[in-house]
Structures are given as C-alpha cells and as structure tokens.
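Report on one structure; see the data block that follows.
The values are calculated or read from the model by the stated rules, or taken from the named source; none is laboratory data. Since the structure is predicted, the reported quantities are computational estimates derived from the model, not experimental observations. Cβ: placed from backbone, ideal geometry, glycine included. Neighbour counts: every protein chain shown. Quick note on the areas: whole protein, heavy atoms, side chains included, nothing else; ligands and nucleic acids left out. Shrake-Rupley method; radii C 1.70, N 1.55, O 1.52, S 1.80 Å.
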Amino acid sequence: MGRRRTPGLRREEVAQLCGLSATWYTWIEQAREVSISAGALAAVAGALRLSRAERAYLFDLAGRRDPERGAEPLPHHATAQVQAAVGAVAAPAYALDRCWDVLAWNDAAADIFRGWLDANGAPGTKNLLRYIFLDEAAPTLIQDWERRARRVVAEFRAECSAYLDDPPVRALTDALQRESPRFAALWSQQDVVEREGGRRGFRHPVRGDIDFAQVTFRLSGHDDVKLVMLLP
C-alpha cells in the first residue's frame with residue numbers, strides 16, 4: 001500500500017481516520033503478520049479512497065471478504081448498452097445478473113431456449129437456475145442434464161460466495177431448495193468450481209442435436225453482470 005490516494009496525510013492521521021492505532025496501521029503497511037478484520041480493512045479502504053479495483057485487490061491480498069460487496073441492488077433490467085451488446089451478437093447471447101436472472105437476450109438465444117426465453121415475461125423475471133431445475137422441458141433440451149445441473153450449482157455457489165447473505169440470493173436458493181429436491185441435494189454438497197466455457201449441447205426440437213462453445217464476459221464496472229455467448 002505504498003501509494004496513498006490521500007496525499008499529505010501522515011500515518012498517524014490515516015490511522016486516526018481508520019479508527020486504528022498508529023502502530024497497528026504501520027504494521028499493516030509493512031505487511032507484517034497481523035490479523036486484520038474485514039471491518040478494519042473497509043475503514044482503511046474508505047480512508048484511502050480506494051477505487052473499486054483497488055478495494056477488491058486489498059481484500060484479496062488480506063484473504064478477507066468485503067462486507068460491502070453484494071450491497072449494490074440488483075439491476076432488474078439491462079442498460080441500453082447491455083441490450084445493444086446482446087442484440088449485436090449474431091450467435092445466441094444473453095446477460096445474467098448475480099442471481100442469474102436474465103437481463104437481456106437476443107432472438108438466437110430465444111430460438112435455442114424455446115419455451116423459456118421465447119415465452120412472455122419481462123427481463124429480470126427469467127432465472128437460469130429456476131429454468132434448469134424447475135422447467136420440465138430443461139432435461140430434454142439440455143444434453144447430459146445431470147452433469148450440467150451438478151456443475152451449474154457448484155459454479156453458482158463459487159460465483160456468489162460473497163453474496164450468500166444477500167437477500168435476493170438467499171431468497172432464490174431457499175426457494176429452489178424447497179421446490180427442487182435435486183437442487184437441494186446438490187446445494188447441500190457445497191461443491192464449488194470456477195465458471196468456465198466449453199461445449200454445450202442441446203436437443204433442439206426442430207434442428208436436432210446442436211453444439212456450441214460457451215464464452216462468458218463480465219461487464220466493466222458491474223462485476224456481478226455477465227454476458228454469455230454460445231458460439232457455433
């Protein structure tokens with residue numbers, strides 16, 4: 001933490017702003033082996049006016065969870081830029097928020113997910129997990145449904161590890177555990193895997209078996225919103 005965002009302040013003044021002793025703050029700057037709480041880290045980040053990326057890096061270095069992460073309200077709708085980006089993709093594409101509610105999708109995605117994305121419903125009301133575990137058509141459409149279901153639960157748990165106490169995330173997982181015995185069983189295993197691309201196979205009712213390579217991008221400035229594309 002060599003470069004301060006608040007020039008001119010002495011260590012003692014920064015420590016006072018953080019509510020820490022000068023000695024304790026000095027040890028933190030010197031990277032000594034001290035145990036610092038997430039609350040104290042948040043105070044340091046605020047006092048130094050760290051950017052979003054710098055704050056995330058600070059918590060990663062300390063191995064702590066940011067208490068303010070996940071406090072940002074769910075968007076419930078896609079921005080014009082997200083809608084334009086999804087619409088400009090020729091391949092099937094859709095955008096997901098941190099609950100995996102679909103914020104936007106294009107016609108190519110609606111053609112793949114018939115009965116889900118092509119059905120009536122506003123953006124933000126169609127959830128990928130609810131589709132996979134509660135829609136009776138999903139096991140027929142998604143090839144190797146059991147393997148994919150197991151993996152998406154582990155991906156969701158890993159991806160939302162910082163948001164598990166967030167009310168919308170908690171409401172979603174609680175509801176799925178009540179409504180889907182399979183989701184409840186997989187969720188209780190507490191498996192985590194990193195989200196990755198790869199082959200995605202579908203049994204399309206008109207086109208037959210079709211394969212795609214899934215690619216996912218995160219939106220700059222909105223790390224809990226992602227753009228998913230299915231490339232031929």
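Quick look at the values:
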| read-out | value |
| --- | --- |
| Residue satisfying all of: in segment 32-55; at pLDDT below 70 and open to solvent by less than 80 Å² (accessible area, probe 1.4 Å); nearest to Arg11 (Cα to Cα) among these | Val34 |
| Residue check, Ser180 over 19 Å from Pro139 (Cβ atoms), among the small types (Gly, Ala, Ser) and open to solvent by less than 90 Å² (accessible area, probe 1.4 Å) | no |
| Scan of segment 93-147 for residues that are among the β-branched types (Val, Ile, Thr), closer than 21 Å to Val215 by Cα and either under 16 Å from the mean Cα position of the chain (by Cα) or part of a loop (DSSP other than H, G, I, E, B) (or both), ordered by number | Val102 |
| Residue in segment 9-23 that is modelled with the lowest pLDDT, counting only those that are open to solvent by 50 Å² or more (accessible area, probe 1.4 Å) and in a helix (DSSP H, G or I) | Leu17 |
| Failed criterion for Ala162 (all others in (1) open to solvent by 10 Å² or more (accessible area, probe 1.4 Å); (2) closer than 18 Å to Tyr94 by Cα; (3) of a type in the set (A, V, I, L, M) hold) | (2) |
| Filter pass, Arg150 being out of contact with any Asp or Glu (no Cβ under 6 Å at 6 or more places or on another chain), among the charged types (D, E, K, R) and touching a residue at least 24 places away in the same chain (Cβ under 8 Å) | yes |
| Residue within segment 101-114 that is open to solvent by 40 Å² or more (accessible area, probe 1.4 Å), modelled with pLDDT of 75 or more and small (Gly, Ala, Ser) present | no |
| Count of residues meeting criterion [among the small types (Gly, Ala, Ser) and open to solvent by less than 50 Å² (accessible area, probe 1.4 Å)] in segment 165-176 | 1 |
| Members of segment 185-232 that are free of Cβ contacts under 8 Å to residues at least 12 places away in the same chain, open to solvent by less than 60 Å² (accessible area, probe 1.4 Å) and part of a helix (DSSP H, G or I) | Ala185 |
| Filter result (more than 19 Å from Ala171 (Cα to Cα), open to solvent by 50 Å² or more (accessible area, probe 1.4 Å) and out of contact with any helix residue (DSSP H, G or I) (no Cβ under 6 Å at 6 or more places or on another chain)) within segment 119-149 | Asn120, Ala122, Glu136, Thr140, Asp144, Glu146, Arg147 |
| From Thr26, Thr6, residue being of a type in the set (Ser, Thr, Tyr) and modelled with pLDDT under 65 | Thr6 |
